[in-house]
1. Between a residue in the range 35-57 that is on the phi > 0 side of the Ramachandran plot and any residue that is surrounded by 16 or more Cβ atoms within 10 Å (Cβ to Cβ) and not basic (Lys, Arg), which pairs come within a Cβ distance under 8 Å, given they are 6 or more apart or on different chains?
2. Restricting attention to strands (runs of 3 or more DSSP E) lying wholly within the range 4-115, give those where 2 or more residues are modelled with pLDDT of 95 or more and open to solvent by 50 Å² or more (accessible area, probe 1.4 Å).
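The values are calculated or read from the model by the stated rules, or taken from the named source; none is laboratory data. Just so we're clear, the structure is a prediction, and the values are computed from it rather than from any experiment. When we count neighbours, we look across all protein chains shown, and the Cβ atoms used for this are built from the backbone with ideal geometry, even at glycine. In case anyone asks, the SASA skips ligands and DNA or RNA and just uses the protein heavy atoms, side chains included. Shrake-Rupley method; radii C 1.70, N 1.55, O 1.52, S 1.80 Å.
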Amino acid sequence: MAMVAARQGCVAMIYPGAFNLTTGNLHWELLARSRAVDNQIFVAMCSPARDMNADYHAWGHTMLVDPMGLKLEEASHEESIIFANIDPELMKEARKNIPVTTQRRFDVYPDVANN
């Protein structure tokens, strides 16, 4: 889905999630940064705040990552709002420096963005 959206001009994907205290620590940031780099787009990962009195303990740590995989902003596990500027020029720069979108072998692999 993200690859198709990125190939069709998407600048950012927003992924809501509620990883727990085990998977959040291991995978939350890793997946955000990976999806941003894979697709050279901005990725926002949105999570509920952690409530240790609730039945489910969410990891929290809402974050925004740029197309090179750098964290622009990250919340803690507590309730908060984060802000960051999304500059499409960073996406263009990433795609110029690491041209994965133009080096795909559509003669070998079909372009999934073209149904």
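1. Short answer, once both residue conditions are applied: GLN40/ALA6; GLN40/PRO67; GLN40/MET91; GLN40/ALA94.
2. Result: 12-16, 71-74.
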